[in-house]
Ligand SMILES: Cc1ncc(C[n+]2csc(CCOP(=O)(O)OP(=O)(O)O)c2C)c(N)n1
């Protein structure tokens, strides 16, 4: 049976399993990834089936996890590292930006680090502080890294396998508030390219550029807008570095209006780059300035604020109206 | 209101005396020291060494010092942007480097020119990064000698992961000494304060990794004496991480070699990590950009100059009759030739082609880099065309 209905979490779990079956050099590392299966259970059952040598419960030390994964990758392994929550990647920031990203370059190509750093990211789950951050711009800004975000079960299943197969290091963002959403996954269909954006919903009046947890929000916004006679196109970027410029520009040129939607604070976020790129390359096609909807420029607030902090359907639609009014 | 400030009591300790725990085999005049509690476990290794071993070790010391001096001179002549000298640390590095077998792997900081030498890295290749033509001009997998690492402590974790990989590859404790492999990781006394260093010790301990941490305690981290980095010396701290630590006289090449060999043998045979603290001294400046007269006394440097590792080894060889005078003269000539070659090849090192700046950022094709490379090439070409017109 080639099509299965599964959650995004299960998509990741199945993708990891498949990658481990296909290549004995793939190893998983992180805090609690073994018996517990990770705090989100993404690695559930994998230690039981692949053993403690391939699903490694590490000491609680993020620089240590990423730093030792570098050594393992140098030795020919393909480590897949789990960072427990977005806000805990910072102890490993130095290893990622100083070493992971630069090893191939500084070795003049002699060394490869085929490693994946999985990061459950974003808010909306009512967590305490440091559990709801969107830090993708830090890594997208760093040359040598590839940064991707999945948004649905099928992409979760395929993208994790593609990321593991990549000879470049990949920061892999998982939208934690979408972990439990279900969809059909075709296990046989050839996957979309890891760095290709995807038009999730075609439209003609305006483009919503988004990724990760906001894809679903944007699709809902497009559905709502349709009832008022506006046709919105939703583009899931999937890759944040490198961006699939062609798909982005084609959509912008087609609709003439672009709104970027992400959870991260807008100041110097992905939206800043996207707005600059689109105006640079599609200037004569635009009917309105590129607008952004994002988190406010605050530390991620206590969870009782998050429904106001995070972009929601209304804020997206409000910004869509502003764009259409130009 | 009167506030009392409580500052840490001064913990200055003698940075010229390694204390009774320190493993040592040769005294300052080159005399073989009697067996004692500290050196007894390693005595046999030293006994087993031949005159030939002693000569070739001495040769390494001299050539490494000469190569380092040439690096320093080239910086002063404007050929290099920076040079971190190892002057005074030759015995620590040669002793450690020679304890490695071809299948072992070394992860250096940025001052380990002597270890590089022992791994067979051409000294000229060390100059590239200091000249600014590359970030390290050697293939680390060819010599099993990783690139220099500038961010203090980062490499300690890479070494640990690499050692864990060796474990998984089944090349540890196989019973076949030619197959068994281990890793040696280098940092300074300042580096022992870093988080990465401490995490590496945790990971290595928990994994029982085939790894030797080699700390060159050269007493200074730029201007900070080592008692600003720790209150308990590194070799004693190892115990707290769950594996043995040994302090060795870093200016006694025989002692360093013996201790390092024993530790590497233990690691290779599956007995887990050891931490070695080589008690030594940086005789020169931290780098060519540094002015050590601002922070340390000439008297202290003089004490350490007396402990010169090369002078000591030479004294030992002469008392033992390990070499005749022609050996020493010929070695001087060899050093001169090496220095001349390094200078010549450094000066001949071409600037890289500008467009190669874009190479090897990613393994797979990356559209942003590709586009920028093309733009850059076109921009460069526009000058050529202008010139041609
Ligand atoms: C993370 C980091 N902080 C600061 C520096 C700047 N720096 C370069 S060398 C050095 C001192 C290192 O001392 P030590 O570890 O004792 O090694 P040594 O230079 O004496 O061999 C410092 C502070 C650095 N390279 N990396």
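A short reminder: the numbers here are calculations on the coordinates, not readings from a lab. Everything numeric in this text was worked out from a predicted model, so none of it was measured. FYI the Cβ positions are ideal-geometry reconstructions off the backbone, even for glycines, and counts take in every protein chain you see.
Remark: the stretch A:44-104 is approximated by an ellipsoid whose semi-axes, taken from the C-alpha gyration tensor as √(5λ), come to 21, 15, 8 Å, largest first. Compared with the dominant Cα axis of chain A, that is its longest principal axis, helix A:313-324 is turned about 50°. Placing a label point 7 Å from the Cα of residue A:246 along the Cα-to-Cβ direction, the residues of the stretch A:166-206 with a backbone N closer than 14 Å are A:193-199.
Only helical runs count toward this figure. For chain A, summing -39,500 (n - 2.57) over DSSP H runs of n ≥ 4 and dividing by all residues gives -10000 deg cm²/dmol at 222 nm.
Dimensions of the stretch B:231-389 along the principal axes, based on C-alpha atoms and rounded to the nearest Å, stand at 73, 47, 40, largest first. Here the contact order of the stretch A:68-179, divided by its residue count and restricted to Cα pairs under 8 Å and six or more residues apart, works out to 32 percent.
The share of Cα pairs per 10 Å bin across chain B, counted from zero up to the longest distance, runs 5, 21, 30, 24, 11, 5, 2, 0, 0 percent.
Pairs of C-alpha atoms in the stretch B:162-267 farther apart than 19 Å represent 46 percent of all such pairs. Relative to the compact-globule estimate of 2.2 N^0.38 Å, the Cα radius of gyration of the stretch B:1-112 comes out at 1.53.
You can think of it this way: the chain between residue B:379 and residue B:37 has 116.1 nm of extra reach, that is 0.36 nm per residue less the Cα-Cα gap. Calculated on the Cα set of the stretch B:75-163, radius of gyration then Dmax: 12.8, 40 Å. The relative contact order of chain A, computed from alpha carbon pairs under 8 Å that lie at least 6 residues apart in sequence, is 16 percent. On a per residue basis, the convex hull of the C-alpha atoms belonging to the stretch A:225-326 measures out at 108 Å³. For residue A:98 and residue A:227 in the same chain, what is the full-extension length gain: residue separation times 0.36 nm, less their Cα-Cα distance, in nm? Extra length available between residue A:98 and residue A:227 comes to 41.5 nm. For chain A, the longest principal axis of the C-alpha atoms and the axis of helix A:8-22 are separated by about 40°. The alpha carbon centroids of the stretch B:214-234 and the stretch B:115-188 are separated by 23 Å.
Size of the protein assembly as shown from its Cα atoms: along the principal axes, largest to smallest, the extents are 99, 72, 72 Å. Hydrodynamic radius of the stretch B:107-156 by the Kirkwood approach over all distinct alpha-carbon pairs: 10.8 Å. To the nearest ten degrees, helix B:51-76 and the longest principal axis of the Cα atoms of chain B are 40 degrees apart. A Cα-only calculation for the stretch A:104-182 places Rg and Dmax at 14.2, 45 Å. When each of the peptides A:146-154, B:148-156 is scored by the mean number of other C-beta atoms lying within 10 Å of its residues, the order from highest to lowest reads A:146-154, B:148-156. What separates the Cα centres of the stretch A:1-22 and the stretch B:17-46 is a distance of 61 Å. If you model the stretch B:224-265 as an ellipsoid using its alpha carbon gyration tensor, with each semi-axis the square root of five times an eigenvalue, the axes come out at 21, 16, 6 Å, biggest first.
A simple spin-label model places the labels of residue B:227 and residue B:359 5.2 nm from each other, with each point 7 Å out along Cα-to-Cβ. Above 13 Å lies some portion of the pair distances; for the stretch B:145-192, what is it as a whole percent of all C-alpha pairs? That tail contains 60 percent of the Cα-Cα pairs. Restricting the calculation to Cα atoms, every distinct pair contributes to the Kirkwood radius of the stretch B:94-241, found to be 15.8 Å. Inter-label distance, residue B:76 to residue A:277: 5.2 nm, where each label sits 7 Å from its Cα along the C-beta direction. At q = 0.07 Å⁻¹ the log10 of I(q)/I(0) for chain A amounts to -0.27, computed by Debye summation with a single uniform scatterer per C-alpha, solvent ignored.
For the pair the stretch B:306-329 / the stretch A:91-111, the C-alpha centres are spaced 43 Å from each other. Here the label points at residue A:88 and residue B:302, each 7 Å from Cα along the C-beta direction, are separated by 5.7 nm in the simple model.
Across chain B, Cα pairs under 8 Å and at least six residues apart give a relative contact order of 23 percent.
Take the Cβ atoms of residue A:22 and residue A:196, set R0 to 22 Å, and the FRET efficiency comes out at 0.50. For the peptide A:99-109, the mean number of other protein chain Cβ atoms found within 10 angstrom of a residue's Cβ is 6. If the Kirkwood radius is taken over C-alpha pairs of the stretch A:10-67, then at 25 °C and 0.890 mPa s the Stokes-Einstein diffusion coefficient equals 217 µm²/s. Taking max minus min of the alpha-carbon positions on each principal axis, the stretch A:1-125 gives extents of 45, 34, 26 Å, largest first. Entry note, chain B: the mean residue ellipticity at 222 nm calculated from DSSP H runs of n ≥ 4, each adding -39500 (n - 2.57), is -14000 deg cm²/dmol after division by the residues and rounding to the nearest 500. Note on B:196-209: average number of Cβ atoms from other chains within 10 Å of each residue's Cβ is 4.
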